[in-house]
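Here the structure comes first, spelled out in structure tokens, and everything after it is commentary.
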Amino acid sequence: MRKSLSFMTLIGAGLALSGCALFGGGGGGTKLDEFRVARNAPLVIPPDYSLTPPKPGTASLTAEGAQQQAVQTLFGGPAPRPVSENSLLEKAGADRAALGARSVVGSPDTAVVDKGPLTQTILSAPAGDGQTASVQTP
């Protein structure tokens, strides 16, 4: 048993060393060099002579136009609204809405409905239990 184990170990070591010789580790043969870099010709794009500069007075593609084209390509433009949504917008007066409504909301000239002092009291109330009421959650 010992002889066969030592024999197998000797054979394994011999195979390992012969494998190193095959890849340039010892003895002759060509060695692999992972740091050797092959020089290839740089990639050259041939010039396209069919392109002409834009003529004066014609529309050129600006950054804004390019962005609109990209959005159109990605999303396919605005989706048609259903009839129910259109009727709701008509009843709500969407055609009379101010264009910059979101920017003038906090303006002092904005007309708001006065809901009375009760609404202000509710909004300014501190969080948590009050003097006469408490909340318990199960």
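The values are calculated or read from the model by the stated rules, or taken from the named source; none is laboratory data. All values reported here derive from a predicted model rather than from experimental measurement. Because the Cβ atoms are built from the backbone with ideal geometry, glycine has one as well, and the counts that use them run over all protein chains shown. The accessibility values were calculated without ligands, DNA or RNA, using every heavy atom of the protein model including side chains. Shrake-Rupley method; radii C 1.70, N 1.55, O 1.52, S 1.80 Å.
Go ahead and run the numbers for FRET between GLU90 and ILE122, Cβ-Cβ distance against an R0 of 30 Å, rounding to 0.05.
0.30
What is the dipole size for the chain, taken about its Cα centre, with +1 at each Lys and Arg Cβ and -1 at each Asp and Glu Cβ, in debye to the nearest 20?
940 debye
Is it possible to state the helix-based mean residue ellipticity at 222 nm for the chain, with each DSSP H run of 4+ residues giving -39500 (n - 2.57), the sum divided by total residues, to the nearest 500 deg cm²/dmol? What is it?
-12000 deg cm²/dmol
Could you provide, to the nearest whole Å², the per residue accessible area of the chain with probe 1.4 Å?
Value for the chain: 102 Å² per residue.
Rounded to the nearest 0.05, what FRET efficiency do ILE11 and VAL37 give with R0 = 35 Å and r taken as the Cβ-Cβ distance? Could you check?
0.35
Give me Rg/Rg_expected for the chain, where Rg uses Cα atoms only and Rg_expected = 2.2 N^0.38 Å with N residues.
Dividing the Cα radius of gyration by 2.2 N^0.38 Å gives 2.83.
Specify which residue in the list GLN67, GLY57, ALA125 is farthest towards the positive end of the charge dipole of the chain, using unit charges on the beta carbon of Lys, Arg (+1) and Asp, Glu (-1), about the Cα centre.
My answer, from the dipole projection, is GLN67.
Quick check: the distance between the Cα centres of region 85-101 and region 115-138, to the nearest angstrom?
Going from one Cα centre to the other spans 35 Å.
Just to confirm the number: angle between the C-alpha axis of helix 83-92 and the first principal axis of the chain, 0 to 90 degrees, nearest 10?
40 degrees
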